[in-house]
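The values are calculated or read from the model by the stated rules, or taken from the named source; none is laboratory data. From a predicted model like this one, the values you see are computed outputs, not experimental measurements. In this analysis, Cβ positions are derived from the backbone assuming ideal geometry, glycine residues included, and neighbour counts consider all displayed protein chains. Heavy atoms of the whole protein, side chains included, go into the accessibility calculation; ligands, DNA and RNA do not. Shrake-Rupley method; radii C 1.70, N 1.55, O 1.52, S 1.80 Å.
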Amino acid sequence: MAEEGKLNRWRLFAELTSEDADVVLHACEERNLVGGEELFRENDPGDSLFIVQSGRVDIFKNIRRDVDRSLASFGPGDIIGEMSFIDGARRSATARTTEKSEFLVLSRQSFARVQRERPDIAAAFFRNMAGIVASRLRTTNELYREAVAFSIEATGAHTLNLKALADELRPVTLHLAGGQSIAGRILQMDHHAAGYTVVLKLGNDQLTIIPYHAIQRIDLA
């Protein structure tokens with residue numbers, strides 16, 4: 001029998017009774033991973049979704065060469081891999097545990113049996129999953145809006161945003177308010193409670209964090 005406490009945390013089973021949720025849960029397999037182990041890699045074939053029962057998983061996207069961008073972190077009650085579960089396409093990012101983690105794994109093939117035998121439960125399950133996907137899409141759209149709004153003037157170029165410079169790993173020189181200049185490559189742009197910061201990789205491979213408000217101009221190398 002599915003535990004009511006857990007079901008209350010899992011949006012995937014919203015409005016399903018414990019008995020109905022059990023139909024889906026019985027179609028799942030358990031998987032346990034240690035910290036630092038990959039659940040799947042970007043571009044791997046995939047047709048399953050993962051329900052996090054315990055632990056934590058970080059999602060990474062490879063930007064270029066050895067540079068990965070952290071996209072999100074998921075914990076108990078969250079689902080991972082829903083895109084490949086829906087369309088059967090290759091994984092769009094890499095999932096890696098940060099601690100010992102337990103998962104329930106639901107494949108498309110196993111879920112097909114639920115669809116044949118209990119289409120009412122399958123339909124409710126898909127509605128809940130669609131709500132989760134829609135919520136994540138809205139978050140992505142908002143982050144994109146902030147990234148575009150967070151654009152700056154680059155000397156000799158049209159208006160560029162830091163996300164584009166980070167994705168391309170372009171060499172730049174940052175001119176700061178105090179008259180100092182720092183050369184390197186922008187790795188990422190972070191948003192904190194105090195505002196935005198830029199992570200810059202210097203020529204000696206050291207990283208430095210610079211508040212956005214301190215940057216007066218960016219020159220492209």
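For region 89-102, residues that are assigned to a strand (DSSP E or B) and under 15 Å from D47 (Cα atoms) total 2. The single condition among (1) open to solvent by less than 60 Å² (accessible area, probe 1.4 Å); (2) within 18 Å of the chain's Cα centre (by Cα) that G88 does not meet is (2). Can you tell which of I210, I152 is over 21 Å from L71 (Cβ atoms), modelled with pLDDT under 80, under 28 Å from the mean Cα position of the chain (by Cα) and surrounded by 13 or more Cβ atoms within 10 Å (Cβ to Cβ)? None of the others qualify; the one that does is I152.
Of these, V105, V114, V133, which one is part of a strand (DSSP E or B), in contact (Cβ under 8 Å) with a residue 24 or more places away in the chain and of a type in the set (V, I, T)? Answer to the check: V105.
Against the numbered list (1) open to solvent by 70 Å² or more (accessible area, probe 1.4 Å); (2) modelled with pLDDT under 90; (3) closer than 18 Å to F13 by Cβ, E117 comes up short only at (2).
If you go through region 169-187 and keep only what is open to solvent by less than 30 Å² (accessible area, probe 1.4 Å) and either on the phi > 0 side of the Ramachandran plot or among the small types (G, A, S) (or both), you end up with L169, G184.
Restrict the check to region 1-22 and report whether at least one residue is at pLDDT below 90, open to solvent by less than 20 Å² (accessible area, probe 1.4 Å), aromatic (F, W, Y) and farther than 27 Å from R185 by Cα. Checked region 1-22: at least one residue is at pLDDT below 90, open to solvent by less than 20 Å² (accessible area, probe 1.4 Å), aromatic (F, W, Y) and farther than 27 Å from R185 by Cα. If you check V198, V172 for being at pLDDT 75 or above and more than 23 Å from L71 (Cα to Cα), only one passes: V172. Looking only at residues in region 120-143 that are open to solvent by 40 Å² or more (accessible area, probe 1.4 Å) and hydrophobic (A, V, I, L, M, F, W, C), the one that is farthest from the chain's Cα centre (by Cα) is A123. I'm checking my understanding of the structure. Among residues of region 33-75 that are open to solvent by less than 60 Å² (accessible area, probe 1.4 Å) and outside any strand (DSSP E or B), which one is farthest from V198 (Cα to Cα)? Step by step, filter region 33-75, then rank; the result is G46.
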